[in-house]
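Colleague: What follows is a single structure, and I will ask about it in a moment.
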Amino acid sequence: MPERVYLNDVGPRDGLQNQPKHLSVEERLELIEALRAAGLEQIEIGAFVSPKAVPAMAGSDQIAHALKHGEASYSALIPNRRGYDLATAAGVKTVAMVVYGSDAMAEKNVGMSSAEAEAATLDMLLQSKSDGIEVIATIAVAFVCPFAGPTDPAIVHGLAQRCLAAGAARVVIADTIGAANPAQVTALMEGLVEDNGADKLACHFHDTRALGMANVYAALQAGIRHFDASIGGLGGCPFAPGASGNIATEDAAMMLQSIGYDTGIDLNKLLAASDLAERLTGTAPGGRSKPWLGPYLDKGQVI
Ligand code: COA
Ligand code: ZN
């Protein structure tokens, strides 16, 4: 039996939050459904944040209400208790809070210090226990901050350890601007796996300078089996200069499958979802694997 690797498609959130064209609720639901049909079991469906801060995520409550929670793990990004209350009232069972490797990034993103954002996350973790809600903690700028420079790995270790001890379902190590290299990924992830085990750790890479897949491979070798990715390589944080697209789900799925892992993903249907993302946004660059994969899959050939 091939070993399983889990992909969480963050396209409907990280992918769409920064698009010049804001998709309608119906279009966003269509994209989520295409991802689910392709076999994605984890999808970040939106964000319960201030609509003034991120207008593209307005309407996430309507999306959450329309989905059948349970047919897949549909998570949503939240920055504070208000987001928690809105998300859970709309039926969301998994929320993602962000903690920060630097004060500067926390300030730009949510107007808090890193310690305040961590305190908010620990507060949500406590609350979630009695509500039966799962909390994912993402450590933003875990490698490099566009404002403060390289992040001290000790900060990331401390954040990961405290979030896991407080009951986080998963801690996601995020290279928010795509500045990490594979040697740094190996060093950080091997250390984190040694201290915490691999089960509850995940990685979130951006492909800003074509190191996305190399970084996935480095994390994989360190034992990581959970990755965020975004359909069509959509993505980028509006508050982090230099952040371009996430690693494309089709690139990650192709690489993982071709080296022998099971992702549970149907590549044909995933390419259809990527085409849809491109059609809806008009800007999706498409995963680099797409032109290569299409003809192979048409002929029913293995990758
Ligand atoms: N959902 C919806 N609205 C929210 C909210 C939430 N989770 N939290 C706060 N608000 C509203 C407030 O009610 C207020 O509305 P008003 O101006 O109509 O009164 C407004 O947002 C500002 O709230 P305030 O508490 O003064 O906070 P702020 O202006 O310092 O903004 C955040 C703080 C966290 C709400 C805002 O920075 C944010 O939403 N950031 C998210 C950033 C993000 O998603 N980044 C990309 C992903 S990493
Ligand atoms: Zn991201």
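Colleague: Looking only at region 76-89, decide whether some residue is among the acidic types (D, E) and within 16 Å of ligand 2 (Cβ to nearest atom).
Modeller: The answer is no, given that none of the residues of region 76-89 is among the acidic types (D, E) and within 16 Å of ligand 2 (Cβ to nearest atom).
Colleague: Further question on the same structure: Just give me the residues in region 95-116 being open to solvent by less than 20 Å² (accessible area, probe 1.4 Å) and within 16 Å of ligand 2 (Cβ to nearest atom), in sequence order.
Modeller: A96, M97, V99, Y100, G101, S102, M105, A106
Colleague: Which one of the conditions (1) more than 16 Å from ligand 2 (Cβ to nearest atom); (2) crowded, with 18+ Cβ neighbours inside 10 Å does G191 fail to meet, given that it meets all the rest?
Modeller: Going through the list (1) more than 16 Å from ligand 2 (Cβ to nearest atom); (2) crowded, with 18+ Cβ neighbours inside 10 Å, G191 breaks only (2).
Colleague: Counting just the residues of region 1-26 that are in a loop (DSSP other than H, G, I, E, B) and surrounded by 12 or more Cβ atoms within 10 Å (Cβ to Cβ), which one comes out farthest from ligand 1 (Cβ to nearest atom)?
Modeller: V5
Colleague: Residues in region 224-261 that are closer than 19 Å to V144 by Cα and either within 14 Å of ligand 1 (Cβ to nearest atom) or in a loop (DSSP other than H, G, I, E, B) (or both): how many?
Modeller: Count: 14.
Colleague: Might you let me know whether region 133-147 holds any residue that is surrounded by fewer than 20 Cβ atoms within 10 Å (Cβ to Cβ), among the acidic types (D, E) and at pLDDT 95 or above?
Modeller: Yes.
Colleague: From L40, L29, which residue is open to solvent by less than 10 Å² (accessible area, probe 1.4 Å) and touching a helix residue (DSSP H, G or I) at 6+ places or on another chain (Cβ under 8 Å)?
Modeller: Testing whether each residue is open to solvent by less than 10 Å² (accessible area, probe 1.4 Å) and touching a helix residue (DSSP H, G or I) at 6+ places or on another chain (Cβ under 8 Å) leaves just L40.
Colleague: Checking E30 against (1) away from ligand 1 (no atom under 16 Å from the Cβ); (2) within 24 Å of G111 (Cβ to Cβ), which single condition isn't satisfied?
Modeller: (2)
Colleague: Does I45 qualify as being crowded, with 22+ Cβ neighbours inside 10 Å, near ligand 1 (Cβ under 9 Å from one of its atoms) and under 27 Å from C145 (Cα atoms)?
Modeller: In short, no.
The values are calculated or read from the model by the stated rules, or taken from the named source; none is laboratory data. Fair warning: this is a prediction, and the values are worked out from it, not measured in the lab. Positions of Cβ are backbone-derived with ideal geometry, glycine not excepted, and every protein chain shown enters the neighbour counts. For the accessible areas, the whole protein counts, side chains as well, though only heavy atoms, and no ligand, DNA or RNA atoms are used. Shrake-Rupley method; radii C 1.70, N 1.55, O 1.52, S 1.80 Å.
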